[in-house]
Amino acid sequence: MRIGSMWGLAGPLICSIVALPTSAEEDGATIWGPDRASTVKAMKQVVRALGVRSCLYCHVKSEGRVDYKAETEHKEVARIMKRAFVDSLVARGDGELVLKEEGKTLRIRARHEPRGEDAGIYITMVEEPAGGEPGRTVESRVGLPGSGQLNCATCHAGSVHFLPQPGDE
Ligand code: HEC
Ligand code: HEC
């Protein structure tokens, strides 16, 4: 794996790599932007992309104020989505992730096809209920981003659950 060889080569740097935080640092840098202002701007785009009502879809209040640093399940999902489907889908050509929720497992795979008549992003989601019942597989295709820059809205286009649900025509 690429990460493995990086660690191997970067002996003297390991300390600084380990010191990198997984969450925001004091200067306000997050996975969404280098500082607080750019993070909040990006967060507003995420809210719009998912079509959720408010920041509280992912964040929680404590003592009357939103505690943006507190971890939640949806924050973790957003991180996984960003890593697999925004940061590396175009670069690698495909991405895959697994979400465990409400007694089921979702395996979502996306493939990026940049050229030709078939250009688009091909998504396969396998939904497996707990307890060994048969699951269902949903396949869908979304168009490439017009701007050229893939983001949450490329797939979600204003709704969290954008794939056909059981019973949809
Ligand atoms: C879909 C989930 C999601 C939504 C909706 C969302 N956020 Fe976030 N937010 C995150 C994640 C994930 C992080 C953690 C980023 C990191 O760890 O680098 C975060 C971090 C932040 C931070 C930085 C917190 C810190 O650690 O210092 C701020 C500020 C923030 N969000 C503001 C907002 C605001 C304002 C809104 C509404 C406009 C919003 N967020 C909506 C997922 C979300
Ligand atoms: C390559 C397509 C793709 C991209 C890009 C993408 N997602 Fe998703 N996301 C999915 C699919 C597929 C699902 C499952 C949808 C369904 O259930 O209908 C999903 C589901 C979710 C869910 C709900 C998970 C749950 O608990 O049911 C959240 C939250 C989410 N995505 C956040 C994000 C955020 C934030 C971004 C941008 C950082 C993002 N997604 C980018 C494909 C994508």
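Listed values, structure above:
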item: Cβ-Cβ under 9 Å pairs, at least 6 apart or on other chains, segment 45-56 side touching a residue at least 12 places away in the same chain (Cβ under 8 Å), far side part of a helix (DSSP H, G or I) and near ligand 1 (Cβ under 6 Å from one of its atoms); result: Val46/Ala78; Leu50/Tyr57; Leu50/Ala78; Val52/Val46; Val52/His74; Cys55/Met43; Cys55/Lys44; Cys55/Val47
item: Output for segment 93-105, where each listed residue is of a type outside the set (Asp, Glu) and within 16 Å of ligand 1 (Cβ to nearest atom); result: Leu97, Leu99
item: Selection within segment 33-58 - within 11 Å of ligand 2 (Cβ to nearest atom) and either crowded, with 16+ Cβ neighbours inside 10 Å or among the aliphatic types (A, V, I, L, M) (or both); result: Ala42, Met43, Val46, Val47, Ala49, Leu50, Val52, Tyr57, Cys58
item: The lone exception for Ser5 - which of (1) assigned to a helix (DSSP H, G or I); (2) at pLDDT 95 or above it fails; result: (2)
item: Scan of segment 68-93 for residues that are within 10 Å of ligand 2 (Cβ to nearest atom) and of a type outside the set (A, V, I, L, M, F, W, C), ordered by number; result: Glu73, His74, Lys75, Glu76, Arg79, Lys82, Arg83, Asp87
item: Residues satisfying the stated conditions in segment 41-80, i.e. under 22 Å from Ile123 (Cα atoms), more than 8 Å from ligand 1 (Cβ to nearest atom) and aliphatic (A, V, I, L, M); result: Ala49, Ile80
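The rows are residues; the columns are (1) buried (at least 16 other Cβ atoms within 10 Å of the Cβ); (2) within 11 Å of ligand 2 (Cβ to nearest atom).
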| site | (1), (2) |
| --- | --- |
| Glu113 | no, no |
| Tyr122 | no, yes |
| Arg141 | no, yes |
| Cys155 | yes, yes |
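The values are calculated or read from the model by the stated rules, or taken from the named source; none is laboratory data. Note that the structure is a prediction, hence the values are computed from the model and not measured. Reconstructed Cβ throughout: ideal geometry from the backbone, glycine too, with neighbour counts over all protein chains shown.
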